[in-house]
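Right, one structure below, let's go through it.
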Amino acid sequence: MALKTVVFRFMQQKKLVNYTPIILQCGKYHSNSEERQGFRKKLAIVLFGSVLVGKALGEDVIKSQNTSNIIEKPATKDSSEDGEGVIEAGAKKPGLPVYSAEEVSKHDSIDSFWVTYKHGVYDVTSFLPSHPGGEQILNAAGLSIEPFWNVYGMHKTKEIYTLLESYRIGNLRDEDVVDHSDDEMWVKEPVRDRRLIIKTAKPFNAEIPMKLQVEHFDTPNELFYVRQHMPVPEVEAETHTLRVNIAGRDNSVTFTLQDLAEFRQASVRAALMCAGNRRSEMNKVKPVKGLSWQGGAISNAVWSGVYLRDVLTHCGVDVENTQGKHIIFTGSDIDATGHNFSTSIPLHMAVDPSSRILLATHMNGSVLPPDHGYPLRVVVPGAPAVRSVKWLQSITIGYDESSSHWHKQDYRSFNPSKTWETADFATAPPVYSLPVTSAICDPADGETVKMKDGCIELRGYAYSGGGAKILRVDLSTDRGQSWVEAKCTTSDDAPPYHYSWALWTARLPAKRGEMELWVKATDSNFNTQPEKFDDIWNIRGILSNAYHKIKIQVD
C-alpha cells in the first residue's frame, strides 16, 4: 500500500518537504559485503526463531557476530541503555548520509523497501521474507516503524534493536523526525493497493484513478474507493454479532453471522458513491469544506448477504407502522472520544416490500475486505455511501434519528446562499438519495490526445441514485451547441430497482489544438444534470453533479 503517513503528518504540521531530487553518495553504506549479508541472514534467523518460540536470545550470540555497523556505545539518549540494559536504536549517527522523508517514501516496494526509526534510515529489503509478522510490515513501506513498535512491544529488545541497526544506511534529516506517540490506533490498518489516490492517511480516504474506473464494470475489491471516518476496527467473523433493538421492548435480538446465513440469500449490483464526489469542481466556484474528491469517489460491485427487511420482520418489527420512525445503524469503528460511528435512514426505506437493502457479508463474490466492512455491513443502494454503515454491530428502530455528528451535523442539503453562520443543520433535510451525475474518465483534463482517423475516443461513467437507471449520456465539443450520444453499458435491472452505474464510450470528430469536452447524463426519471455549479453550490460541497467539463490538447 502507499500509505504516506509521514507526508500527511508534515502537511498537518505545516512543514515543507523539499521535492528537489537528491543525489546521494552513499558509497559503502549501500554496498553489502558477503560478510555483512551473511551476518544479517544468520542474525535474522536466530533472532526471529527465538521470537516465534517466545525465548530471549542470549547476549553472547550477538557479541560473537561481526557488529561493525551496530551502535555499541550510544552518544544520545535515543541509543542509551535503559534500566534493564536494553539498547535503543535510531540515534543520529555521525558519518552517514542524510535522507529526507520524501526520499525515504519513494522506497516503498518489495524491490526497494526502506523504513525509518527515530533518526535512523534502514534498507530492510532483504529482510522482508524473514519478517515473522508476514505482510503486516508492508504497512510501513517508506515510513516510520515507530508507531508499529509502540503497539507490538516485543520489538523493543536489545536483540531486535541490534538487528535493525545492521540494516542502517543513513540518518533522517532533523526537520523530518516526527513524534509518533499518538499513532498506535492506526498501525493495524489494512494493506491498500498502491494505485489508489490518497486524500487523507488518518483516517484513510482514497479514490480510484478515473482511468481505472472504466476498466471494469464491477470494480475490483482492491480498487474500490475507500471512505473512512475512523481507524478500521479489528472484528472477527467467528465472534461478531448483530444486535437489533426495538424501542419499547426490554430485550434486544442478537444474531451471529451463522444465524444471519439462515435467512434468504440475496445479491444486489450497486454503485456506492460518496455524497462529496466531484467536490473539487464545486470548490472552484467558492471554497467548500470536505475532502477534495475528484471523480473517483464512486465504485460498482455485486454485494451479497440477506435482506434487511427479512431480518426486521423476523424480529417482529411492524412494517405497516413506519410513520416518523427511523432505523439507526451503528458500526464498530470508534473515534478518539469513544463514540461509535452511526447514521440512520427512515424506517420505510428498509421495510418497503421492494426494499433491496442488504446486510452484506460478501463483495464481488469474496468476503468483505476490512476496508469495506468485514465481516458485516449494511448496503443501502441508491443512497449516499455514508448510509451503508460498515462493521455493523447494532440496529435500533424507533422515533429517534441517529444522534451522531455524522448524521446531525453532516450530509444535509442547503441552498447556495447558506453560510456556516446561517446554516441550521437541525432543520436541513438529510440526504437519502443521490442526483444524476456523469464524468469523463479517459482522457484526463489537460491530457494530450492523439487522433485516430480524425476522431478521439472517450470513456466515462454515469450514475443516478434512488433506483433510477441511466437512459442517455450526451457529449458536446462546442460548449453545448450540439450533442453526440454515447454508447452505454448498464446492468439488466429495471428502474426503480436499478442501482448500478453505467459505463459509456464515445467516438467524436476532433481537430488539432485545444478542445473543451462536456458530458451530461439523463436518468429514467428524465432528470438531467445542471450545466453550472454556481446554482447548486453548498457549504459542504455535496451533490456536486453539474456537467463534467475538461480541456484536452489534440495532436
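Mind checking whether some residue in region 121-134 is modelled with pLDDT under 90 and hydroxyl-bearing (Ser, Thr, Tyr)? Yes, some residue in region 121-134 is modelled with pLDDT under 90 and hydroxyl-bearing (Ser, Thr, Tyr). Scanning region 164-195 for residues that are of a type in the set (Phe, Trp, Tyr) and modelled with pLDDT of 90 or more gives a single hit, Tyr167. Of the residues making up region 433-466, those that are surrounded by 20 or more Cβ atoms within 10 Å (Cβ to Cβ), assigned to a strand (DSSP E or B) and among the polar types (S, T, N, Q) are Thr437, Ser438.
The residue list Phe217, Phe224, Phe204 contains one member that is of a type outside the set (Asp, Glu) and in contact with a His (Cβ under 9 Å, 6 or more places away or on another chain), which is Phe224. Just one of the numbered conditions (1) under 20 Å from His180 (Cβ atoms); (2) open to solvent by 30 Å² or more (accessible area, probe 1.4 Å); (3) part of a helix (DSSP H, G or I) is not true of Pro129: (1). Counting only strands (runs of 3 or more DSSP E) wholly contained in region 264-341, the ones carrying 1 or more residues that are among the basic types (Lys, Arg) and open to solvent by 60 Å² or more (accessible area, probe 1.4 Å) occupy 265-273. Residue-level check: of (1) open to solvent by 30 Å² or more (accessible area, probe 1.4 Å); (2) touching a strand residue (DSSP E or B) at 6+ places or on another chain (Cβ under 7 Å); (3) modelled with pLDDT of 95 or more, Glu215 misses just (2).
Suppose the filter is within 21 Å of Tyr225 (Cβ to Cβ), at pLDDT below 95 and open to solvent by 10 Å² or more (accessible area, probe 1.4 Å); does Trp420 pass it?
Details: within 21 Å of Tyr225 (Cβ to Cβ): no; at pLDDT below 95: yes; open to solvent by 10 Å² or more (accessible area, probe 1.4 Å): yes.
It is false that Trp420 is within 21 Å of Tyr225 (Cβ to Cβ), at pLDDT below 95 and open to solvent by 10 Å² or more (accessible area, probe 1.4 Å).
Applying a threshold of 7 Å to beta carbon distances and a minimum spacing of six or more residues, or different chains, the list of pairs starting in region 192-203 at a residue that is in contact (Cβ under 8 Å) with a residue 40 or more places away in the chain and assigned to a loop (DSSP other than H, G, I, E, B) and ending at one that is buried (at least 19 other Cβ atoms within 10 Å of the Cβ) and hydroxyl-bearing (Ser, Thr, Tyr) reads Ala201/Thr5; Lys202/Thr5.
Could you list, in sequence order, all residues of region 342-364 that are over 19 Å from Val386 (Cα atoms), part of a loop (DSSP other than H, G, I, E, B) and more than 22 Å from the chain's Cα centre (by Cα)? Let's see the steps before the verdict.
Kept after step one, since they are over 19 Å from Val386 (Cα atoms), are these residues of region 342-364: 351-354, 364.
Next cut, part of a loop (DSSP other than H, G, I, E, B) only: 352-354, 364.
Matches in region 342-364: Asp352, Pro353, Ser354.
Whether any residue in region 354-365 is loosely packed, with under 15 Cβ neighbours inside 10 Å and at pLDDT below 95 is what I want to check. Give the steps one after another, and end with the answer.
Filtering region 354-365 down to residues loosely packed, with under 15 Cβ neighbours inside 10 Å leaves 354, 365.
Those still in the list that are at pLDDT below 95 too: 354.
Yes: region 354-365 contains one or more residues that are loosely packed, with under 15 Cβ neighbours inside 10 Å and at pLDDT below 95.
Would you point out the residue of region 245-259, among those that are hydrophobic (A, V, I, L, M, F, W, C) and farther than 21 Å from Glu401 by Cα, that is surrounded by the fewest Cβ atoms within 10 Å (Cβ to Cβ)? Only one residue fits best here, namely Leu257. Does any residue of region 385-401 turn out to be surrounded by 19 or more Cβ atoms within 10 Å (Cβ to Cβ), of a type in the set (Val, Ile, Thr), touching a residue at least 40 places away in the same chain (Cβ under 8 Å) and in contact with a Gly (Cβ under 7 Å, 6 or more places away or on another chain)? Checking region 385-401: at least one residue is surrounded by 19 or more Cβ atoms within 10 Å (Cβ to Cβ), of a type in the set (Val, Ile, Thr), touching a residue at least 40 places away in the same chain (Cβ under 8 Å) and in contact with a Gly (Cβ under 7 Å, 6 or more places away or on another chain). If the condition is being touching an Asp or Glu at 6+ places or on another chain (Cβ under 9 Å), under 15 Å from Ile208 (Cβ atoms) and not polar (S, T, N, Q), then region 266-290 contributes only Cys274. Quick check, is Gly373 in contact with a strand residue (DSSP E or B) (Cβ under 9 Å, 6 or more places away or on another chain), open to solvent by 30 Å² or more (accessible area, probe 1.4 Å), small (Gly, Ala, Ser) and at pLDDT 95 or above? Answer is no for this residue.
Within region 152-163, is even one residue open to solvent by less than 50 Å² (accessible area, probe 1.4 Å), in a helix (DSSP H, G or I), modelled with pLDDT of 95 or more and on the phi < 0 side of the Ramachandran plot? Spell out how you get there, then give the answer.
First, the residues of region 152-163 that are open to solvent by less than 50 Å² (accessible area, probe 1.4 Å): 153, 155, 157-163.
Checking which are in a helix (DSSP H, G or I) leaves us with 153, 155, 158-163.
Going one step further and asking which of them are modelled with pLDDT of 95 or more, we end up with none.
No, because not a single residue in region 152-163 is open to solvent by less than 50 Å² (accessible area, probe 1.4 Å), in a helix (DSSP H, G or I), modelled with pLDDT of 95 or more and on the phi < 0 side of the Ramachandran plot.
The values are calculated or read from the model by the stated rules, or taken from the named source; none is laboratory data. Just so you know, these numbers come straight off a predicted model, no measurement behind them. Cβ sites come from the backbone with ideal geometry, for glycine too, and all protein chains shown count toward neighbours. The area values use the complete protein model at the heavy-atom level, side chains included, leaving out ligands, DNA and RNA. Shrake-Rupley method; radii C 1.70, N 1.55, O 1.52, S 1.80 Å.
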